[in-house]
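First the structure, in the form of structure tokens, and then the observations on it.
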């Protein structure tokens, strides 16, 4: 099962029932297509970079889930058909990468600094 995340923006003036309905619809699509919804977050109303459909603000939602490619196609189709959704974007997440700790650079001591200063003065 591949991991995906989707961010979608809705109109800011929607009521509580409408926003809950959209988030439930997204969860229903994921579960009906044998996906697993891991996280659904409401990021709140934020200013958009540019107006979309004469809206300067939008309500952002973040969804993290696992599923297949047909699930993404169906989810995006449903978001596209909903007039309350301004924009959406889905991204496939790569496998979890283990980041090796960065080796610390050796600290320069005062003695080594004096040696380098003397050698540069004599040259």
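Observations, loosely collected:
- Check on residue 4, free of Cβ contacts under 8 Å to residues at least 12 places away in the same chain and either surrounded by 15 or more Cβ atoms within 10 Å (Cβ to Cβ) or not in a loop (DSSP other than H, G, I, E, B) (or both): no
- Qualifying positions in the range 34-44 - surrounded by 14 or more Cβ atoms within 10 Å (Cβ to Cβ) and part of a strand (DSSP E or B): 37, 40
- The single condition among (1) part of a helix (DSSP H, G or I); (2) more than 20 Å from residue 76 (Cα to Cα); (3) in contact with a strand residue (DSSP E or B) (Cβ under 9 Å, 6 or more places away or on another chain) that residue 23 does not satisfy is (2).
- Any pair with Cβ under 7 angstrom, 6 or more apart, that starts in the range 37-54 at a residue that is on the phi < 0 side of the Ramachandran plot and free of Cβ contacts under 8 Å to residues at least 60 places away in the same chain and ends at one that is assigned to a strand (DSSP E or B) and loosely packed, with under 13 Cβ neighbours inside 10 Å: 47/56; 48/56
- Hey, residue 75 surrounded by 12 or more Cβ atoms within 10 Å (Cβ to Cβ), farther than 19 Å from residue 95 by Cα and touching a helix residue (DSSP H, G or I) at 6+ places or on another chain (Cβ under 6 Å) or not: yes
- Residues of the range 7-20 that turn out to be touching a residue at least 60 places away in the same chain (Cβ under 8 Å), over 15 Å from residue 88 (Cα atoms) and part of a loop (DSSP other than H, G, I, E, B), as a count: 1
- The listed residues are 71, 86, 48, and the only one of them that is modelled with pLDDT of 90 or more, part of a helix (DSSP H, G or I) and touching a strand residue (DSSP E or B) at 6+ places or on another chain (Cβ under 9 Å) turns out to be 71.
- Residues within the range 7-24 that are within 18 Å of residue 65 (Cα to Cα) and surrounded by 15 or more Cβ atoms within 10 Å (Cβ to Cβ), tallied: 5
- Every condition in (1) over 21 Å from residue 83 (Cβ atoms); (2) surrounded by fewer than 12 Cβ atoms within 10 Å (Cβ to Cβ) holds for residue 31 except the one numbered (2).
The values are calculated or read from the model by the stated rules, or taken from the named source; none is laboratory data. Since the structure is predicted, the reported quantities are computational estimates derived from the model, not experimental observations. No Cβ is skipped: glycine too gets one built from the backbone with ideal geometry, and neighbour counts run over all protein chains shown.
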